[in-house]
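Each remark here refers to the structure printed beneath this line.
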Amino acid sequence: KQEVTQIPAALSVPEGENLVLNCSFTDSAIYNLQWFRQDPGKGLTSLLLIQSSQREQTSGRLNASLDKSSGRSTLYIAASQPGDSATYLCAVSWGNQGGKLIFGQGTELSVKP
Amino acid sequence: DVKVTQSSRYLVKRTGEKVFLECVQDMDHENMFWYRQDPGLGLRLIYFSYDVKMKEKGDIPEGYSVSREKKERFSLILESASTNQTSMYLCASSPRYVDEAFFGQGTRLTVV
C-alpha cells in the first residue's frame, strides 16, 4: 500500500532557528512530491514541487530534497520566523493515476518570537 | 497565478438536504479533485476527474457524487447530507502529466 508519513506531528522552535521537517513514503517509484503549507481554517498553498528526476528544489528560505532510494524527503526552513507558523503537508504522486496525491498527516510548526 | 475558487467558505445545512459544492479553476487544467479533511484523519480523496464527463472514485466516495460538465468546473454533491459529513472540503486542480496540484480556499461544511 502506498503511504506517506510525516514526523514529528508538531514542532515548536524559537525564532531564527533553522529547522527540518521530514516526510517518508513507501514505494520509491514516485512521479513527484509536493510540499504544502496550510494556515488554520484555510486551503493549501503549494510551496515546492520536486519531480522524480530531481534531487532538490529551492524557493527563498525553503529547500526541499528528495531521496527516492531511501523513500524520504526533507523540507529545510532557514532562519525561521513567527510567520512560518502553520501546518506543513507532504504529498506524493505515483503517476498514472490522474494526478492523485497521497498526503501525510502534516507537521504543525510553531515559531516563537 | 493559478486560481481555484470554491463557491462558499462556510455552509450550514440540515440533515437530509441535497448539498452542492462548486469548484472552478481558471488554468485549463485537465485534472480536478475533491478531498475532505478531518482532524486526525488528514486529507482523504473523495472523487477525482481527469477529463470532462470523466470521474473516478477516490478512497471515500460513499454518500457523494460529482459532476464535471465543463473542463473548468467540478461539483461535489452530497445526495442526502448527514452529520458525519461535517468537514472541511478542499478542491484542487492540476495539469495532466505534471501533477502539481493547486488548491482552493476550502469550504467548511456543518451538517446539523
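I'd like the distance between the alpha-carbon centres of the range B:84-101 and the range A:31-81, rounded to an integer number of Å.
18 Å
Within 10 Å of each Cβ in peptide B:98-111, how many partner chain Cβ atoms are there on average? Round it to a whole number, please.
Numbers: counts 6, 16, 9, 11, 5, 7, 2, 5, 5, 1, 1, 0, 0, 0.
Shielding by partners across B:98-111 averages 5.
Carbon and sulfur atoms: what percent of the 1.4 Å accessible area of chain B do they account for?
Numbers: 2710 of 5420 Å².
Exposed carbon and sulfur together represent 50 percent of the surface.
Normalising by the residue count of the range B:15-112, find the relative contact order in percent from Cα pairs under 8 Å and 6+ residues apart.
33 percent
In whole Å and largest first, what semi-axes does the C-alpha gyration tensor of chain A yield when each eigenvalue is scaled by 5 and square-rooted? Write down the numbers at each step before the final one.
Details: eigenvalues 113, 40, 30 Å².
Equivalent ellipsoid of chain A: 24, 14, 12 Å, largest first.
Just the number, please: buried accessible area between A and B, total of both chains, 1.4 angstrom probe, nearest 100 square angstrom. Could the numbers behind the result be given before it?
Details: alone 6120 and 6270 Å², together 10670 Å².
So the total buried area for this chain pair works out to about 1700 Å².
Mean shadow of the range A:34-84, computed from the convex hull of its alpha carbons, in nm²?
On the way: hull surface 16.4 nm².
The directionally averaged projection comes out at 4.1 nm².
Hey, got the average number of other protein chain Cβ atoms within 10 angstrom for residues in A:42-51?
On the way: counts 6, 14, 12, 3, 7, 0, 1, 5, 0, 3.
Neighbouring Cβ atoms belonging to other protein chains average 5 per residue here.
What per residue convex hull volume, in Å³, comes out for the protein assembly as shown when only alpha-carbon positions are used? The partial results should precede the final answer.
On the way: hull volume 26.6 nm³, N = 225.
With only Cα atoms used, the protein assembly as shown gives 118 Å³ per residue.
What ranking do B:57-65, B:86-94, B:104-112 get when scored by the average of other Cβ atoms within 10 Å per residue, highest first?
Details: B:57-65: 14.0, B:86-94: 23.8, B:104-112: 18.1.
The most tightly packed comes first, giving B:86-94, B:104-112, B:57-65.
Can you run phi through the Karplus equation (6.51, -1.76, 1.60; θ = phi - 60°) for the range B:82-94 and list ³J(HN,Hα) in whole Hz, with x for Gly and Pro?
Values, residue by residue: 10, 4, 6, 9, 5, 5, 8, 10, 10, 9, 9, 9, 7 Hz.
Hey, what's chain B come to in accessible area per residue, 1.4 Å probe, Å²?
That works out to 48 Å² per residue.
Given H placed 1.01 Å from N in the peptide plane, which residues other than close sequence neighbours of A:GLN105 have an amide H under 5 Å from its amide H?
Amide H neighbours of A:GLN105, under 5 Å, 5+ apart: A:GLN6.
Could you give me the ³J(HN,Hα) list for the range B:24-41, computed from phi with Karplus coefficients 6.51, -1.76, 1.60 and θ = phi - 60°, whole Hz, x at Gly and Pro?
Result, rounded to whole Hz: 10, 10, 10, 10, 6, 6, 6, 8, 9, 9, 10, 10, 10, 10, 10, x, x, 10.
The values are calculated or read from the model by the stated rules, or taken from the named source; none is laboratory data. Note that the coordinates shown come from a computational prediction; the quantities given were computed from them, not determined experimentally. Backbone-built Cβ (ideal geometry, glycine too); neighbour counts: all protein chains shown. All accessible areas refer to the heavy atoms of the entire protein, side chains included, with ligands and DNA or RNA removed. Shrake-Rupley method; radii C 1.70, N 1.55, O 1.52, S 1.80 Å.
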